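First up is the structure itself, then whatever we jot down about it.
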Amino acid sequence: MFEAIVLGGLMRIAQAFLQASPFLLCGLLIAAVFRRLLGVDGVRKLFGEGTWRSLPQAWLVGMALPVCSLGVIPVAREMRRAGLSGGTILAFALAAPLFNPLSVLYGLTLSRPGAIFVFALGSLVVVTAAGLLWDAIFKKTSLEPTSEPPLAWGLKRLCGLVTAGAYEITGATAGYIAVGLSGVFLLAAVLPPGSLQDALGRDGWTAPLLMTVVATPVYAAPMTAMSQLGIMFQHGNSIAAAFALLSLGAGINLGVIAWICRNYGIVRGLTWFGMLVAVVLALGYGIDRPLRSADIADAAHTHAFDVYTRPFDPADDYARKCWQRFRQGLLVHEEFSTVAIAAWALFGLALRAFDPKGRLDAWLRKPPEAAPEPGKYDIVLPPSVLGGATLCVLVALSVVGCYTYYPPPDVVLEEMNYAKAEAVTGWSSDAANTERWVGIYTDWVKRLQVGYFLRNGELDEFKRVKCRLLLDRLEALEHALEAPDAETIGQINKEILMADLRLREAFRAD
């Protein structure tokens, strides 16, 4: 039992870190740009500090930058160094993890667009209300800005970005990330497998409260949260619980709460968290009935939240299953980002070990005795311009990443062939491997819809229905694998093959 809890919790931490790695890498780069290029004045101007628009501007900037609730920690630390008010920092820290181009596109396609629009406005209300209440109750929470001299153009600027990120990932940020991931371990230890499968029906008024309790310690990547929102809408689950999942599961984690309490005091930090929960629940209960879909029956049973519970029972062969489930969600861009973060961290550890007095950093910040003459083809850009351009490139890359993460339909249909073959065969000899491929198959069906929408600007109801029918059959297979029966699974597999064929006909008709 103890080994199952420990191995399961460590596996959940590894999965969460992999999902967070691309957003964390972006967060480290953004923090380095804030510190080395934009500087204190540039950061304060970016967020409209001292003006009435600082809170909504923090919401807009947060939604444009591709970070998650772990990746926002280094950025928030730099905002505090720049002397921004507590309300503005907290507004950004809440808004940034909720929406980005990848997750918004995913949500618009797989959920109801009107609901995603309402959720986006709801997040604006949440961050603005929490920020205004914070600034009204707690005065003078900002620090005096601590500025640094601008780095000389050229190689020093580039080295300065690298060293800033290296010090950040090996400093206090690493501790807050560890605290944030500890919540994933805690839930895996406390919640038995499948314990959330029947707890979030839309008619249960306690569903939002339960989701609040679960979502607070959990780490949910933006894509994961949007995927679960889509499942909750399709299953007729509680809308208020879905809003709590997005606002608290994707918006915060224990590491963010720890950072707030450490910098503003435990009483202030817990007061802010209490105000946040109150606003989220009030809005959630308020939008629950208006956003319900009358034509969708309440199917409370779902596997969508199994990722927050213990991955296997003590009786399972958990050592083998641990590796299988870990590989199941492994994506190329997450592997690359994890390697990049590890390399950055190793460089930071080397700096702290061999240069404890920070001589390299001091040399980078030391102004040159005489400004170097630019070459014939050199164009010297001000640091603020270079920093702004870097942030715009990050936003542009996240948009370009949409086209990479959501390939063209013909590419997705080809990949679905391989997943289909593995999902409908071999269940009698290796049910765990079949379950793994069912998840991959399901993911490709979802990405098919988003990829088509991205390239055509619309996804008609006929194609949505064909995808929904296949997803329903895949979910039925997932349920059937819990207690395998040859006749039942054989029938479901036939229905999957037929639904897959009709789906292909619908998408190839164009």
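Numbers at a glance
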| item | result |
| --- | --- |
| Qualifying residues in segment 385-427 (those that are of a type in the set (S, T, N, Q) and out of contact with any helix residue (DSSP H, G or I) (no Cβ under 7 Å at 6 or more places or on another chain)) - the one nearest to residue 467 (Cα to Cα) | 417 |
| Flag if residue 296 is at pLDDT below 85 and touching a Gly at 6+ places or on another chain (Cβ under 7 Å) | yes |
| So residue 244, is it in a helix (DSSP H, G or I) and surrounded by 24 or more Cβ atoms within 10 Å (Cβ to Cβ) | yes |
| Segment 390-399 - residue that is more than 18 Å from the chain's Cα centre (by Cα) and surrounded by 14 or more Cβ atoms within 10 Å (Cβ to Cβ) and, of those, farthest from residue 154 (Cα to Cα) | 391 |
| Selection count, segment 218-241, where residues are assigned to a loop (DSSP other than H, G, I, E, B) and surrounded by fewer than 24 Cβ atoms within 10 Å (Cβ to Cβ) | 2 |
| Contacts under 8 angstrom Cβ, first residue in segment 400-418 being more than 17 Å from residue 441 (Cβ to Cβ) and open to solvent by less than 10 Å² (accessible area, probe 1.4 Å), partner at pLDDT below 80 and assigned to a helix (DSSP H, G or I), 6 or more apart | 402/101; 402/102; 402/105 |
| Among (1) closer than 20 Å to residue 417 by Cβ; (2) in contact (Cβ under 8 Å) with a residue 24 or more places away in the chain, the one test that residue 486 misses | (1) |
| Candidate set: segment 63-86, residues that are without any contact (Cβ under 8 Å) to a residue 60 or more places away in the chain and part of a helix (DSSP H, G or I); chosen: the one most open to solvent (accessible area, probe 1.4 Å) | 63 |
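Condition check ((1) open to solvent by less than 60 Å² (accessible area, probe 1.4 Å); (2) without any contact (Cβ under 8 Å) to a residue 40 or more places away in the chain; (3) over 19 Å from the mean Cα position of the chain (by Cα)) across all residues:
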position: 122; (1), (2), (3): yes, no, no
position: 138; (1), (2), (3): yes, no, yes
position: 146; (1), (2), (3): no, no, yes
position: 150; (1), (2), (3): no, no, yes
position: 153; (1), (2), (3): no, no, yes
position: 166; (1), (2), (3): yes, no, yes
position: 177; (1), (2), (3): yes, no, no
position: 181; (1), (2), (3): yes, no, no
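Yes/no per residue for (1) among the aliphatic types (A, V, I, L, M); (2) at pLDDT below 90:
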position	(1), (2)
244	yes, yes
248	yes, yes
254	yes, no
290	no, yes
306	no, yes
324	no, yes
329	no, yes
333	no, yes
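The values are calculated or read from the model by the stated rules, or taken from the named source; none is laboratory data. As the structure is a prediction and not an experimental result, all values here were calculated from the model. Counting neighbours? That spans all protein chains shown, and the Cβs are built from the backbone with ideal geometry, glycine included. SASA here: full protein model, heavy atoms, side chains in, ligands and nucleic acids out. Shrake-Rupley method; radii C 1.70, N 1.55, O 1.52, S 1.80 Å.
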